[in-house]
Structure formats: C-alpha cells, structure tokens
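Here's the structure, in structure tokens; my notes come after.
Derivation of every value follows stated rules applied to the coordinates shown; laboratory data play no part. Computed from a prediction, not measured in an experiment: that's the story for all the values here. Cβ atoms come from the backbone with ideal geometry, glycine included; neighbour counts cover every protein chain shown.
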Amino acid sequence: MLLCGSDATADKSTSDSDTDAPFRAKALEIYRTSVEMRTVEGRGLVTKLAQYLASEFEKAGFLSEDIHVLRMDGTAALVVRYRGDATSGKKPVSISAHMDVVDARRDEWERDPFTLVEESGYFYGRGVDDNKLGLTAVVSGFLRLKSEGWVPKRDLIVVLSGDEETSMRSTRALVSEYRDLIDSEFVLNADAGGAILPEDGGRPASFSIQAAEKTYATWELTVTNPGGHSSRPRKDNAIYDLARALTTIEGHEFAVNHNEITLSYFRSTGSNTGGDLGTAMLRFAEDPRDKWAAKVLRSNSSHAGTIGTTCVPTMLRGGHAENALPQTASVTVNCRIFPGESVAAIEAKLREVVSDDRVQFELLHSPTESEASPLREDVLNALRKAVDTKYPDLPIIPSMSSFGTDGKHFRSVGIPSYGVNGMYGKVSDNFAHGLNERILVETFYGNLVHWYVLLKEIGG
Ligand SMILES: [Zn+2]
C-alpha cells in the first residue's frame, strides 16, 4: 500500500510495499491473533487479548506505567497512553475500539469463524470487520509510529473496551471510574465510519463520519386482568386493552427534530439522490419545518429515523390457555430516541398517547442518553488527509447512527466522539454480527494507512 496525500508522509514518497512490508506483516499478525481469540461474552478471552496487546505495546517501547489492563466483571479494558511532548498545549485525544465480538458457531459458518481465512480477495472470520479491523489498525498505527521515533504534540490514548456488543459495562466504567486515565478533548472511534463501495466497483459516493447516535430504549407494556373462563367473557380483557394501546402508538408520530448533523447529511445526500426523496432531503435541510419534506422522509424506512424519535412494537405475548380469559398481555416497544430528547420525556409521551392507567410501563436496561457531537475542523481536516490516501476529495458527510457504539458513553459525559474508521465495503459484503463475516483484503491494508495518517495528523 502506498503512503501518499499527507504532509506528514510527503518525505516518504519513495515508500512502497518494501518499506511498508514489516508493518503490514506485524498488523496481519495482530489481526490473526485477535480474530483467533474467541472474545465472546463469558469465555474470559477478552482479558487474554488485552494482555497480548499490552505485551505488544510493551515490546514496542511503551512504558509499563502507561499500559493499563483493567479487569472488570469477567471482561477487561485496555488503556495505553502514547506520551506526547505537550508542545501543542492541547488535551489528549482518545482512540476507541472494542475487543469483544458477537459469538459465532462453527456448524453455521462455511469456514471456522475463529480462524482468519484469506480467500479470493477477502478476509473471513468473526470480527474481521466488527471490530478487529479498527482495533488492529489503531494498535498497529501506534506501534509503527513508536518504532519510527515519532513524538506527538499531545498525548494520544488507546481505549479498548471489552463488552461493547453486550452490556457495555466496561465503557461505562472507563468514562466514570477510570475517567482520569481516558480524559480527553474528544474521541476518534474505530468502530464506526467509512464508505459504501458500489457493487460493480469504482469510487464510493461519500465517506461517512459518525457524529451522533440515537438513544436506544426499550419498554415492556403490560396489561393484567383477573381473567376467568372463556365461556364467560368480561367487559375488560387484557388482550383487547393492550391492542388498543398498540393502535394508539401506531397512530402517533413523534415530533420532527433535526440537528447540525442530520441537516448537513440531507444537504449533501439530497443532491445525489434525485426524485421526490432527493427534493425532500434538500427542502428539509433548507427548512426542517417543511411538512411535505417531513412526510416524504417519514414514509421512507431508511430516513424515517433521521428526522425524529421512532418507537415500534417488536415482541408480543399474552394469555395462557385456549379456553381462559387472558390474565396478562404484554408487548415490547423499542424506541430510537433523537439525540437531545430524554428517555423520560419519551416515556411520558407514550403514556399520554396510550392514556390508559391499566397499561403498565417498564423501562428495560438502562439507556445512555447522548448529545450529538459538534463538528470540528481539526477532526475533519485530519480525516480529509486520511480519506485522501484512498479516494482523494471524496466528500465527507456527517451521520447519525441508529445503532449503538461506545461513542455514546463518551458523549454522555461530555467528550465528543467521531466514528472515523476507514471501513470501505460493499453492502453485499456486510455480515457484521451475522454469518461468514468478511472484509476486502484491500480494505484491511488501506485502513492501516488511513489510521497511520490520521493519528499523525491528530497528534501533529
Ligand atoms: Zn462494533
């Protein structure tokens, strides 16, 4: 992979695969070792991965006092500080990724999910994308920069969580109990960001930087009833009562909302989209009060969630026997809440919409609310250089994701987070969390250069 497009690397114009070869080989070794450790919940292997990576940092010359393997609740986090010379006078920047993966079963996969397989231009294995791709690029970038004797002008901190795919307790602990270790001006997250490659090859349309996440919240709505024999129906019935509540929720539309990120997203995407949808994006970006635009966007499942909070029933249960009146009926309602709106306000709205005291609401889990991260010129400029190594001048578009990452925990304590991984892939190749997860070999090596340039820019 050629290094180009960065001032920081301009003097390496002769750089070619020979110069890069040892770094590529080291990165592949880290990638293979990480993928082949089955770092799923309950096996204790996240701690082993953290220790392995810690030993690599130590071998590369990082001081042991700057390397922290933090054991917590059956998993672990790893925090490593790359000491700068403090000449920029700026606070540190943290780089986050996660070490755990969603489990995968050998009998369901075509290849062993916990063996890194390279075949026909792809790497296969659980985590080759989510998130051992980002993790490897960040760790390898740190090791390479250290070996080159580079000293950043501010501290850079690698922050690897250990249970992002499940309870995210380690990330919560990192931003609370271990705040002094990870306190930073902002976070670059290697678990989000990237671009979609056209199916038939060629350049992607844009690079997406994740700057906000919706809040994930789930309620269980339950109606109980004394029940009785089904031959003697009562006026009230748990299933009918719950059905009425559901119908009111179906009919409710949460208020249209927007932020700098969604408007900028619609502005840039609208002109490439065409048709009514494209027009609606541009009109919404111009004036979010435009009712026609909101209606068109809301009717499109890919965009409905970008203009406000959405709630939808996902599971339904009720009754206990064919010939008995139901004593209980319940439904799971999953909401994706717009940044800046509170979980409590959404619950209050749902209660108001349902307006039936017999329907009990129970909030499941403990949602983390986070604001959108304000776009920053320094991050966008550094990312510009990194993206240029692969696709010069590719438009960079901020995005808000409906899925969750570690980023929201940093945002929730006031540390902005930006998903900036150099993940280039086709829609048809997206198998994260699913079967036969794969990534283009070219994307793996490209991402090493992406992070190398990005870290140098951010720390320079
Ligand atoms: Zn992930």
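Specify the angular offset, from 0 to 90 degrees and rounded to the nearest 10, of the alpha carbon long axis of helix 17-36 from the longest principal axis of the alpha carbons in the chain.
40
Over 10 Å intervals from 0, what percent of Cα-Cα pairs in the stretch 75-127 sits in each interval?
Distribution as computed: 18, 30, 22, 18, 11, 1 percent.
What Kirkwood hydrodynamic radius do you get for the stretch 133-262 when you take the inverse of the mean 1/r over all pairs of distinct Cα atoms, in Å?
Numbers: mean 1/r = 0.0474 Å⁻¹.
Taking every pair of different Cα atoms in the stretch 133-262, averaging 1/r and inverting gives 21.1 Å.
What ³J(HN,Hα) values, in whole Hz, does the Karplus curve 6.51 cos²θ - 1.76 cosθ + 1.60 give for the stretch 290-299 when θ = phi - 60°, with x put for Gly and Pro?
Residue by residue, the stretch 290-299 yields 5, 5, 4, 4, 4, 5, 5, 5, 5, 7 Hz.
Taking K132 as the anchor, which lysines have their alpha carbon closer than 16 Å to its alpha carbon, excluding any fewer than eight residues away along the same chain?
Leaving aside lysines fewer than 8 places away in the same chain, those within reach of K132 are K26, K48.
Past the 27 Å Cα-Cα mark, which pairs from K153/K385; K295/K426; K295/K408; K214/K295?
Pairs exceeding 27 Å: K295/K426; K295/K408.
Exactly which trypsin sites (Lys or Arg not before Pro) in the stretch 93-171 are in a DSSP loop and have at most 12 other Cβ atoms within 10 Å?
Of the trypsin sites (Lys or Arg not before Pro), the ones in loops of the stretch 93-171 whose Cβ has at most 12 other Cβ atoms within 10 Å are R105.
Relative to the longest principal Cα axis of the chain, at what angle does helix 45-59 sit, 0 to 90 degrees, rounded to 10?
20
Shape verdict for the stretch 370-435, please, from the Cα gyration tensor: rounded (a/c under 1.5), prolate (a/b greater than b/c) or oblate. Let's see the in-between values first.
Values: a/c = 2.53, a/b = 1.08, b/c = 2.35.
Here the stretch 370-435 falls in the oblate category.
For the stretch 283-354, with only Lys/Arg (+1) and Asp/Glu (-1) charged at the beta-carbon, what is the dipole magnitude about the Cα centre, in debye rounded to 20?
140
Where does the stretch 215-364 land on Rg/Rh, using Cα atoms and the Kirkwood Rh?
Values: Rg = 19.4 Å, Rh = 17.2 Å.
Rg/Rh for the stretch 215-364 comes to 1.12.
Loop only by DSSP, 15 or fewer other Cβ within 10 Å of the Cβ. Give me the trypsin sites (Lys or Arg not before Pro) in the stretch 323-365 that pass, ordered by residue number.
R358
Taking a cut-off of 18 Å, what percent of all Cα-Cα pairs in the stretch 9-152 are separated by more than that?
61
Roughly how tilted is helix 377-388, in degrees to the nearest 10 and between 0 and 90, from the longest Cα axis of the chain?
Between helix and principal axis, roughly 70 degrees.
Once Lys and Arg get +1 and Asp and Glu get -1 on their Cβ, which of V117, L435, A60 lies farthest toward the positive end of the dipole of the chain?
The one lying farthest along the dipole's positive direction is L435.
Find, among the GluC sites (Glu not before Pro) in the stretch 244-315, those assigned to loop by DSSP (not H, G, I, E, B) with at most 14 other beta-carbon atoms within 10 angstrom.
On the way: sites: E250, E253, E260, E286; in loops: E253.
Those satisfying the criteria are E253.
Got a sec? Charge dipole of the chain, +1 on Cβ for Lys and Arg, -1 for Asp and Glu; which of V40, I458, A324 is way out at the positive end?
A324
Is there a quick way to get the dipole size of the stretch 215-364? I mean about its Cα centre, with the Cβ of Lys and Arg at +1 and of Asp and Glu at -1; what is the value in debye to the nearest 20? Numbers along the way, then the final one.
Values: 15 positive and 17 negative charges, 53 e Å.
Charge dipole, the stretch 215-364, about its Cα centre: 260 debye, nearest 20.
Express the C-alpha Rg of the chain as a ratio against the empirical globular expectation 2.2 N^0.38 Å, rounded to two decimals.
Working: Rg = 24.2 Å, N = 460, 2.2 N^0.38 = 22.6 Å.
With N residues counted in the chain, Rg over 2.2 N^0.38 Å equals 1.07.
Can you tell me the relative contact order of the chain? Whole percent, Cα pairs under 8 Å, sequence separation 6 or more. Mind showing how you got there, number by number?
On the way: 958 pairs, mean separation 107.5, N = 460.
Computed over the chain, the figure is 23 percent.
Given +1 on the Cβ of Lys and Arg, -1 on the Cβ of Asp and Glu, and no further charges, what dipole in debye does the chain carry about its Cα centre, rounded to the nearest 20?
Details: 51 positive and 65 negative charges, 104 e Å.
About 500 debye.
Counting other beta carbons within 10 Å of each Cβ, put I249, I415 in order, fewest first.
Starting with the residue having the fewest Cβ neighbours, the order is I249, I415.
Quick one: if you stick a label point 7 Å off each Cα along the C-beta vector at K291 and H252, how many nm between them?
That separation, rounded to one decimal, is 2.2 nm.
Can you put D241, D112 in order of Cβ neighbours within 10 angstrom, beginning with the fewest?
Ordered by Cβ neighbours within 10 Å, fewest first: D112, D241.
For the chain, what proportion of DSSP beta bridges, expressed in % and rounded to the nearest 5, is antiparallel? Could the numbers behind the result be given before it?
On the way: 45 of 67 bridges.
Here the antiparallel bridges make up roughly 65 percent for the chain.
Evaluate E = 1/(1 + (r/R0)^6) for D236 and V353, where r is the Cβ-Cβ distance and R0 equals 22 Å; express this FRET efficiency to the nearest 0.05. Before the final figure, lay out each step's value.
Details: r = 20 Å, r/R0 = 0.91.
Result of the calculation: an efficiency of 0.65.
Let me have the relative contact order for the stretch 215-364, percent, based on Cα pairs under 8 Å that are six or more residues apart.
Here the relative contact order equals 42 percent.
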